[in-house]
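Worksheet: the structure to be examined is printed underneath.
The values are calculated or read from the model by the stated rules, or taken from the named source; none is laboratory data. Everything numeric here is computed off the predicted structure, so don't read it as measured data. FYI the Cβ positions are ideal-geometry reconstructions off the backbone, even for glycines, and counts take in every protein chain you see. Note: areas computed on protein heavy atoms with side chains; ligands, DNA, RNA excluded. Shrake-Rupley method; radii C 1.70, N 1.55, O 1.52, S 1.80 Å.
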Amino acid sequence: MSGTAEKASKVPLPPLTDGPHSRRLGLVALVATLGGLLFGYDTGVINGALEPMSEELGLTIDNEGLVTSTLLVGAAIGAATIGRLSDGWGRRRTIILLSILFFVGAMLCVIAPGLGILLVGRVLLGLAVGGASTVVPVFLAELAPYEIRGSLSGRNELMIVVGQLAAFVMNAILGSVLGHVDGVWRIMLAMAAIPAVALFVGMLRMPESPRWLMSKGRYDDALAVLKTIRTEERAEAELAEVRALVNQEQKAHETGISSVLKNKWLLRILFIGIALAVFQQLTGINSIMYYGTIVLGEAGFGRQGALIANIAPGIIGVVGAFIALWMMEKINRRTTVITGYTLTAVCHLLIGISSLAIPEGAAIRPYVLLILIVAFVGSMQTFLNVATWVLLSEIFPLHMRAVGMGISVFCMWITNAALSRFFLNIVDAFSLTGTFFGFAAVNAIAVLVMFKFLPETRGRTLEKVEEDVTTGAIFQVRKKTESTH
């Protein structure tokens, strides 16, 4: 790294202060995370809509898996392509495009006369979900001061679980009140149009990412944006820091995937990002989010009871996300992630043991399994989900951020799609017991991988993280820190 970049990265930034700029930053984050709300609602609503949808459209068990996984395949494509689009088109305009995809996809699902149109709508929703999962966290990370970057970026995951809870509550209400009405699932799906409109209107009034503007040489525009979400002194200091780094990258002619393939440390951080994304899905969390009512039915609840009981994991997910945001600036990311995988492995093991030990038909069986499922979801939301998305938005250097995030999240959605497509078949073949024992084994492997490879990013500017990742220093810092404790 050049002397100019090193000097800029070592000059301390002015401290954060409250004021109109901090309230403006909060408003920008609120509007952008409506994309996370839609992400959560559109992935969670299938949980209660699938059974009445299947009855009306005559879907087989394979069709049910197809309807669920089609959105996830679309999300994988969206993550791989729309994140890259945001590099050239801008984060703000890309999020506006996503709001349109959310609305059109939801409306196609609502009016679908059969499986074909329904799948087209689910693919469009998937493109929007995948794009939102890539672009919104990056947008937030690039807007946030480093001191509160974890908690600000983590708000997107909070909104995802709020969206999932909203879907579960809406499913339970509509299923209880209008369950006898044909097409009740269409009403469940139609609710997603409301936040899609709000996201479109809101983002029209939001600023562009200042770091994206700087990457395009638009320094005056970037400074103007920074002055609306920072004090003037802090805005000018951040501009100087990022400008030095952008100039260094331009001189090196290193951008995107080409720079990754030429640098072993960048390649390593890409593999770490992929591991973070894939293992998060192999916890089985989305199997509960998509098929929770079916899993609870297998546990012993009736159809209406399962719809209502399914709200409990949604509530604990929101509570866990609030706790996670509080922890983001107080506990190291590595500690949080390793603790999370340990707890989820234990929960899966207990679910497997309980489903094996308590006979089917026993009155206590569904409630014991519900408690353990709630404990699993709480562990995920408190220790893993927020931390995973925050780390993915932090660990990649600016010149490969969209590429690294896109590839990692693409792998996440492909894993999600494959697991969701075959989850019901796996449960049918290996029972609830065998399925959760399998999840426990995979989570134990995740603990080992994260302990050995995951770097620490808390308390550093994105520019300092970038410098340390590019040189490999971030991995050496972790080893030195561990050897002193």
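What the table below lists for this structure:
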{"item": "Residue in the range 179-201 that is modelled with pLDDT under 90, assigned to a helix (DSSP H, G or I) and of a type in the set (Gly, Ala, Ser) present", "result": "no"}
{"item": "All helices (runs of 4 or more DSSP H) inside the range 377-483 with 3 or more residues being hydroxyl-bearing (Ser, Thr, Tyr) and open to solvent by 10 Å² or more (accessible area, probe 1.4 Å)", "result": "401-453"}
{"item": "Count of residues meeting criterion [open to solvent by less than 10 Å² (accessible area, probe 1.4 Å) and among the hydroxyl-bearing types (Ser, Thr, Tyr)] in the range 301-354", "result": "3"}
{"item": "Tabulated pairs, the range 442-456, first charged (D, E, K, R), second surrounded by fewer than 16 Cβ atoms within 10 Å (Cβ to Cβ), C-beta under 9 angstrom, 6+ apart or interchain", "result": "456/335; 456/477; 456/481"}
{"item": "Test: residue in the range 367-374 that is surrounded by 20 or more Cβ atoms within 10 Å (Cβ to Cβ), of a type outside the set (A, V, I, L, M) and in a helix (DSSP H, G or I)", "result": "no"}
{"item": "Tally, over the range 26-43, of residues that are open to solvent by 10 Å² or more (accessible area, probe 1.4 Å) and either over 26 Å from residue 397 (Cβ atoms) or at pLDDT 90 or above (or both)", "result": "7"}
{"item": "Helices (runs of 4 or more DSSP H) contained entirely in the range 244-333, each with at least 1 residues that are more than 16 Å from the chain's Cα centre (by Cα), over 21 Å from residue 420 (Cβ atoms) and at pLDDT 90 or above", "result": "264-282, 311-328"}
{"item": "Qualifying residue in the range 358-366 (condition: of a type in the set (A, V, I, L, M) and in a helix (DSSP H, G or I))", "result": "no"}
{"item": "Residues (under 27 Å from residue 213 (Cβ atoms) and either among the hydrophobic types (A, V, I, L, M, F, W, C) or surrounded by fewer than 19 Cβ atoms within 10 Å (Cβ to Cβ) (or both)) located in the range 93-114", "result": "93, 95, 96, 97, 98, 100, 101, 102"}
{"item": "Residue tally, condition surrounded by fewer than 20 Cβ atoms within 10 Å (Cβ to Cβ), touching a residue at least 40 places away in the same chain (Cβ under 8 Å) and closer than 20 Å to residue 314 by Cβ, over the range 188-208", "result": "2"}
